[in-house]
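Okay, so here's the structure we're looking at.
The values are calculated or read from the model by the stated rules, or taken from the named source; none is laboratory data. No experiment lies behind these values; they were computed from the predicted model shown. Using ideal geometry, Cβ is built from the backbone for each residue, glycine included, and neighbour counts are taken over all protein chains shown.
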Amino acid sequence: MKFTYKDTCGVKQSEIDALVKKLSPYLAQLKTASQDANYSTDEACLHLPFDESLRQLIAETVQKKKSEHLREVMVVGIGGSILGSQAMCQALRPSGIPFSFYDTVDSRKIITAIETIKRLAAEERQLLVNIISKSGATIETHANGRVILEILKEVFPEWQKQVVVTSEPESKLSSWAREQGIDTLPNPPKVGGRFSVLSAVGLLPAALSGLDIKSLHHGACEIDFNEAAASAAIIYLNLKQGRLMHDLFLFDSDLENLGKWHRQLVGESLGKDGQGITPLVSMGSVDLHSMVQLYLAGPKDKFTTFVTLERGEAVKVQPMDAGYDDIVPYVTNKTLAEVMAAILAGTKEAYQKRALPFVSLDLESASERELGYFFQFKLVEVMCLAKLMGVDVFGQSCVEEYKIITRHILEK
């Protein structure tokens, strides 16, 4: 992954260097945490890419669950329990088993799941349900999971073999699963949901879909901690200049879920004590036709990260007839990638003309390695950013407020 910022980020190199130097002790702490096989620190998630035993456990689970009769994988979770695997499946489009994801409570989606389960049972085919909840008591996940499991029990005599639960080892959900004879995968207690993409939470769906989780982890192991710290410093310096919004502008339609993963990471990690950065997700080139007027001419309260993905595809705009070709002659014989590159270059130049600050992250291939690098880079970045802001990156106490009220409403 290529990170570029000079001449576009809106702050001086000397200011960036000063903050990276200030972060040096914390960067050393993060590097130590990345080698802590006991997952004993708050930054424990950084060790996940180095955990060979975790990859072996995932490989064994896949070997046990994946058969020639397996026709669909249903992933039940919400937030950090599901966004990472959705991002990977969308960005890399594995050609393996079909996946469906169930996050919010939606009767129409669950009815579709019920119909799918009954159809596969009638065809004597199998499916696998992966229920993911760090605490084991997430309301939406519990409700969706209960409906799906009830149907499984009705139509599959050995339904337990078609379920995997991913949760903290001592959660009530994990305990129930073990009592039922259902396979479980552990989520280390120190690894919070939004930091769990490279744990069993994200790895089992990725591996079942056919993705190379070893390459995913290896990419994460390769990140440049100083670059991630520099990115955090740039965002922080722009925040201090009144840019309270961070727009992740993704110029690839298959990266939208990656943007949503990043949105949760930033929102939950930094929204503390009256501080925070509002994360935005924009899609190129679609949102150039809906939001760019605001971005260019509206309040100067946004900082942008442009994200691209090199796919190496070469669909060409072929000549058709003189009348049609002459309408927009300059796209004739150009590949769609060339057209998009020109749109991106034009967008960046427009930003520069209006002194709108941005950095660029270029994923150099549609590969597990590049995606792993991106995930780990962003995890380190947000930890460094929280350190500069003086907020607890790992807490999210306010999220519990609505959950408590919701439970009281449902108990009436």
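Okay, residues lined up against (1) among the hydrophobic types (A, V, I, L, M, F, W, C); (2) farther than 23 Å from residue 282 by Cβ; (3) assigned by TED's automatic domain parsing to the domain that holds residue 243:
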{"position": "297", "(1), (2), (3)": "yes, no, yes"}
{"position": "322", "(1), (2), (3)": "yes, yes, yes"}
{"position": "337", "(1), (2), (3)": "yes, no, yes"}
{"position": "348", "(1), (2), (3)": "no, no, yes"}
{"position": "364", "(1), (2), (3)": "no, no, yes"}
{"position": "368", "(1), (2), (3)": "no, yes, yes"}
{"position": "371", "(1), (2), (3)": "yes, no, yes"}
{"position": "377", "(1), (2), (3)": "yes, no, yes"}
{"position": "382", "(1), (2), (3)": "yes, no, yes"}
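Given the options 167, 209, 175, name the one that is among the hydroxyl-bearing types (Ser, Thr, Tyr) and closer than 24 Å to residue 393 by Cβ.
Step by step, each of 167, 209, 175 is checked, and only 167 is among the hydroxyl-bearing types (Ser, Thr, Tyr) and closer than 24 Å to residue 393 by Cβ.
Going through region 359-412 one residue at a time, which ones are surrounded by 22 or more Cβ atoms within 10 Å (Cβ to Cβ) and β-branched (Val, Ile, Thr)?
380, 382, 393
Within region 1-34, can you find the residues that are under 23 Å from the mean Cα position of the chain (by Cα), more than 26 Å from residue 242 (Cα to Cα) and surrounded by fewer than 17 Cβ atoms within 10 Å (Cβ to Cβ)?
Within region 1-34, 2, 31 qualify.
Is it true that residue 278 is in contact with a Phe, Trp or Tyr (Cβ under 8 Å, 6 or more places away or on another chain), without any contact (Cβ under 8 Å) to a residue 60 or more places away in the chain and β-branched (Val, Ile, Thr)?
Here the answer is no, as residue 278 does not meet what is asked.
Determine, yes or no, whether residue 225 is touching an Asp or Glu at 6+ places or on another chain (Cβ under 9 Å), under 23 Å from residue 368 (Cβ atoms), touching a residue at least 40 places away in the same chain (Cβ under 8 Å) and not acidic (Asp, Glu).
Answer is no for this residue.
Do we find a residue being in contact with a Cys (Cβ under 9 Å, 6 or more places away or on another chain) and assigned to a helix (DSSP H, G or I) anywhere in region 375-389?
Checked against the condition, which is being in contact with a Cys (Cβ under 9 Å, 6 or more places away or on another chain) and assigned to a helix (DSSP H, G or I), region 375-389 yields at least one hit.
Please determine, by comparing only the residues of region 52-66 that are in contact (Cβ under 8 Å) with a residue 24 or more places away in the chain and not hydrophobic (A, V, I, L, M, F, W, C), which one is surrounded by the fewest Cβ atoms within 10 Å (Cβ to Cβ).
Ranking the qualifying residues of region 52-66, first place goes to 64.
Which one of the conditions (1) over 30 Å from residue 236 (Cβ atoms); (2) within 22 Å of the chain's Cα centre (by Cα) does residue 53 fail to meet, given that it meets all the rest?
Result: residue 53 fails condition (2) only.
Given the residues 161, 118, 134, which is the only one that is closer than 23 Å to residue 203 by Cα and at pLDDT 95 or above?
Exactly one of 161, 118, 134 is closer than 23 Å to residue 203 by Cα and at pLDDT 95 or above, namely 161.
Out of the residues in region 2-30 that are in contact with an Asp or Glu (Cβ under 7 Å, 6 or more places away or on another chain) and not in a helix (DSSP H, G or I), which is farthest from residue 358 (Cα to Cα)?
Looking at the filtered set, the residue picked out is 2.
Take the conditions among the β-branched types (Val, Ile, Thr) and in contact (Cβ under 8 Å) with a residue 40 or more places away in the chain and apply them to residue 307. Does it pass?
yes
Restricting region 314-370 to residues that are aromatic (Phe, Trp, Tyr) and touching a strand residue (DSSP E or B) at 6+ places or on another chain (Cβ under 6 Å), which is farthest from residue 296 (Cα to Cα)?
Once the filter is applied, the top-ranked residue is 358.
On the given criteria, is residue 132 in contact with a Ser or Thr (Cβ under 7 Å, 6 or more places away or on another chain), under 30 Å from residue 369 (Cα atoms) and touching a residue at least 24 places away in the same chain (Cβ under 8 Å)?
So residue 132 passes the test.
Quick one: is residue 339 in contact with a Ser or Thr (Cβ under 6 Å, 6 or more places away or on another chain) and modelled with pLDDT of 90 or more?
Criteria not met by residue 339.
Could you list all residues from region 264-275 that are surrounded by fewer than 18 Cβ atoms within 10 Å (Cβ to Cβ) and within 20 Å of residue 373 (Cα to Cα)?
If the condition is that a residue be surrounded by fewer than 18 Cβ atoms within 10 Å (Cβ to Cβ) and within 20 Å of residue 373 (Cα to Cα), then 264 is the only one that fits.
Just give me the residues in region 145-169 being without any contact (Cβ under 8 Å) to a residue 24 or more places away in the chain and under 26 Å from the mean Cα position of the chain (by Cα), in sequence order.
Within region 145-169, 146, 169 meet the criteria.
Surrounded by fewer than 24 Cβ atoms within 10 Å (Cβ to Cβ), modelled with pLDDT of 95 or more, assigned by TED's automatic domain parsing to the domain that holds residue 71 and over 27 Å from residue 39 (Cβ atoms), is that true of residue 240?
So residue 240 fails the test.
Only helices (runs of 4 or more DSSP H) wholly contained in region 237-344 count here; list those with 3 or more residues that are of a type in the set (A, V, I, L, M).
Once the helices (runs of 4 or more DSSP H) in region 237-344 are filtered for at least 3 residues that are of a type in the set (A, V, I, L, M), what remains is 256-270, 292-297.
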